[in-house]
Amino acid sequence: MKRILLAYDGTEHARRALEMAADLAKRYEAPLSVVSVIPIHAGRAPVDPWDDPESHAAQLREAHQLLAPMGIEAELLEPAGDPAAAIERVAEAGGFDTIVVGSRGLGTFGRMLQGSVSEHVATHARATVVIAR
């Protein structure tokens, strides 16, 4: 592992992914970057609270505060777009060889209705994908 990208949204699943990514970064002496994607939903009114850039900036600050006591100074990234596609795009552009994401544990029906970012990233990313459960 040479470069690790952590997808972080502040949920319990993302916190488990953060712990795993921090462990991997220490173990492999690899730099860690954290991405929180601002989802864009075309034509939606009113704006979904998850579309709010400030909530994603707060998530990145939280990740930074959780990683700092572990001795990890992470790069913070905040792209906009479809979350799964944005994570894949950031990983490709940044030369990340490992992506760590959390899993919400959706069943088949939930994945059909809501989609699964972790499943999409695991299926489409060129990097190794680690899914924390």
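The values are calculated or read from the model by the stated rules, or taken from the named source; none is laboratory data. As the structure is a computational prediction, the values presented were derived from the model and not from experiment. All Cβ positions, even for glycine, are placed from backbone atoms using ideal geometry, and neighbour counts span all protein chains on display.
Residue-by-condition table, conditions (1) modelled with pLDDT of 90 or more; (2) assigned to a loop (DSSP other than H, G, I, E, B); (3) of a type in the set (V, I, T); (4) surrounded by fewer than 15 Cβ atoms within 10 Å (Cβ to Cβ):
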| position | (1), (2), (3), (4) |
| --- | --- |
| L66 | yes, no, no, no |
| A84 | yes, no, no, no |
| I87 | yes, no, yes, no |
| E92 | yes, no, no, yes |
| I99 | yes, no, yes, no |
| L106 | no, yes, no, no |
| M112 | no, no, no, yes |
| E119 | no, no, no, no |
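Please give the number of the condition E54 fails out of (1) assigned to a helix (DSSP H, G or I); (2) charged (D, E, K, R); (3) at pLDDT 90 or above.
Result: E54 passes all but (3).
For A80, which of the numbered conditions (1) modelled with pLDDT of 90 or more; (2) closer than 19 Å to A57 by Cβ; (3) out of contact with any Lys or Arg (no Cβ under 8 Å at 6 or more places or on another chain) fails to hold?
Among (1) modelled with pLDDT of 90 or more; (2) closer than 19 Å to A57 by Cβ; (3) out of contact with any Lys or Arg (no Cβ under 8 Å at 6 or more places or on another chain), the lone unmet condition for A80 is (1).
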